[in-house]
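The values are calculated or read from the model by the stated rules, or taken from the named source; none is laboratory data. Remember, it's a predicted structure, so these values are computed and weren't measured experimentally. In this analysis, Cβ positions are derived from the backbone assuming ideal geometry, glycine residues included, and neighbour counts consider all displayed protein chains.
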Amino acid sequence: MSASFKQTQSALNKFAKYVIQQSRSNLSKQKKNVSSDLYGSLGYDLNVSPNSFSLEFYMLPYGEFIDKGVSGTKKRYNTIYEYTNKKPPMQPLMEWAKARNIRLRDEKGKYKKGNYRTIGFILQKSIYEKGIKPSLFFTKPFEKAFDNLPTELIEKFGLDIDNLLEFTT
């Protein structure tokens, strides 16, 4: 590997590590890190060869919905995703409510036991109608780091944001 490719590899490694670190930080700051599943799934693969290189970021599939957002039936966001006829799955919502110790109360103000299915249904209906607000936990660090890539690297390889960023499952 020539010296220029070592510099390319170093610059891209630095870029990818920054994006992952900032994305994880954003998940924590935005309180979207209850189970740490998405946090732990963030990663990248960098392959550099004499004629080319590839950099792939990956995360759990639902991470893209958290990042880009999803429009609901009553509330719209600037995103390509939307709920039209299929509601979000109830089981993860029930587990989320349980992890956060969200419970319902009866008429007397006492906590009811075992109502996570009801809470899951309430959350499912709310998300279906209101959608998921874009968090941009990944997009913002990616764009910031991309803007700071060495100009020579961008010019040499003719990079653009569309062909560098690819989500995989």
Exactly one condition in (1) closer than 25 Å to Y81 by Cβ; (2) among the hydroxyl-bearing types (S, T, Y); (3) at pLDDT below 85 is not met by S135; state its number.
(3)
Out of all the residues in the stretch 5-57, which are charged (D, E, K, R), over 15 Å from F142 (Cβ atoms) and without any contact (Cβ under 8 Å) to a residue 60 or more places away in the chain?
K6, K29, K31, D37, D45
Enumerated helices (runs of 4 or more DSSP H) restricted to the stretch 25-136, each holding at least 1 residues that are farther than 30 Å from T8 by Cβ, not assigned by TED's automatic domain parsing to the domain that holds A11 and not aliphatic (A, V, I, L, M):
90-99, 116-130
Hey, could you check the stretch 109-132 for residues that are of a type in the set (K, R) and at pLDDT 85 or above and say which is farthest from I66 (Cα to Cα)?
R117
